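Worksheet: the structure to be examined is printed underneath.
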Amino acid sequence: MSSCASPKLHPPHFDVMSPALARPLLHTVHLLTFAALLVTGLLLFVPGLRVVVTGGYSLWIRETHRWGGVVFAALPALIVLRCGLRNLFRPPARRTLRTLWQGMHVAITFVMSAVFIGTGCVMWGRRAVPESVLDASQAMHDWFTYAAVVLVAAHLLEVGVAAVVARITAGVTATTPHSET
């Protein structure tokens, strides 16, 4: 080996499942699967929209919605199992109104996701359950969808307000003269 030869360069250790990366990954997976389920669910629920988009009833939309539900349950579960609940959902170092809201949002999202998964399983296995259970599951699935849309809107509003407050705070801090003592 000559003295001019450079050593082999190895990329730095990159753990996709470190909590710092797992949280955004979990958020992204949940966002994408929820969005796909919301769109396919709307197409199933609103016949006029379905006709415009697909020309009528489509088994492809129903199957996409069903299997999207499986992905909606499985991928976040795999991320949580790989990283551990304690690593992903640690209490914040500083308690503020925003971190309280975020904790409540995560808890509500977790409960709503469990209800969506449970009611979706009941509707998928519709032949195995009494009609009254099927009707109740379908109604719950629909009402939780309305609630989820409101929760997503509140989440987007909170993120937008937090960004504006951060900019204002940064601007005030940048323009405040520093005292020289």
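The values are calculated or read from the model by the stated rules, or taken from the named source; none is laboratory data. What you see is a predicted model, and the numbers here were worked out from it, not measured in a lab. Here Cβ is always computed from backbone atoms with ideal geometry, including for glycine, and neighbour counts include all displayed protein chains.
Condition first: under 18 Å from H27 (Cα atoms), free of Cβ contacts under 8 Å to residues at least 24 places away in the same chain and aromatic (F, W, Y). Can you find one or more residues in the range 82-89 that meet it?
Yes; the residues of the range 82-89 include at least one that is under 18 Å from H27 (Cα atoms), free of Cβ contacts under 8 Å to residues at least 24 places away in the same chain and aromatic (F, W, Y).
Quick one: in the range 115-137, of everything that is of a type outside the set (A, V, I, L, M, F, W, C) and touching a Ser or Thr at 6+ places or on another chain (Cβ under 7 Å), which residue is farthest from I61 (Cα to Cα)?
If we take residues in the range 115-137 being of a type outside the set (A, V, I, L, M, F, W, C) and touching a Ser or Thr at 6+ places or on another chain (Cβ under 7 Å), then S137 is farthest from I61 (Cα to Cα).
Look through V122, V165, V106 and report the one residue that is under 19 Å from L32 (Cα atoms), without any contact (Cβ under 8 Å) to a residue 24 or more places away in the chain and in a helix (DSSP H, G or I).
Within the list V122, V165, V106, the selection yields V106.
Would you check if R127 is over 25 Å from A36 (Cα atoms) and outside the structural domain of L42 (by TED's automatic domain parsing)?
Yes, satisfied.
Might you let me know whether the range 126-144 holds any residue that is part of a helix (DSSP H, G or I), under 25 Å from the mean Cα position of the chain (by Cα) and of a type in the set (V, I, T)?
Among the residues of the range 126-144, not one is part of a helix (DSSP H, G or I), under 25 Å from the mean Cα position of the chain (by Cα) and of a type in the set (V, I, T), which makes the answer no.
From the list L59, L26, L38, exactly one residue is surrounded by 12 or more Cβ atoms within 10 Å (Cβ to Cβ), closer than 18 Å to W124 by Cβ and either hydroxyl-bearing (S, T, Y) or in the same structural domain as R82 (by TED's automatic domain parsing) (or both). Which is it?
From the options L59, L26, L38, the qualifying one is L38.
Would you check which residues across the range 33-85 are over 18 Å from the mean Cα position of the chain (by Cα), in a helix (DSSP H, G or I) and aromatic (F, W, Y) and list them?
Across the range 33-85, the qualifying residues are F45, W60.
So that you can scan it fast, the table gives a plain yes or no per residue for (1) modelled with pLDDT of 95 or more; (2) in the same structural domain as L31 (by TED's automatic domain parsing); (3) closer than 21 Å to A73 by Cβ:
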position	(1), (2), (3)
M104	no, no, no
A114	yes, no, yes
H141	yes, no, yes
A147	yes, no, yes
V152	no, no, yes
V164	no, no, no
T181	no, no, no
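Being touching a Phe, Trp or Tyr at 6+ places or on another chain (Cβ under 8 Å) and surrounded by 14 or more Cβ atoms within 10 Å (Cβ to Cβ) is the filter here, so list the residues in the range 107-144 that pass it.
Residues satisfying the conditions are M112, S113, V115, F116, I117, T119, H141, F144.
Taking P92, is it modelled with pLDDT of 90 or more and either under 12 Å from the mean Cα position of the chain (by Cα) or outside any helix (DSSP H, G or I) (or both)?
In short, no.
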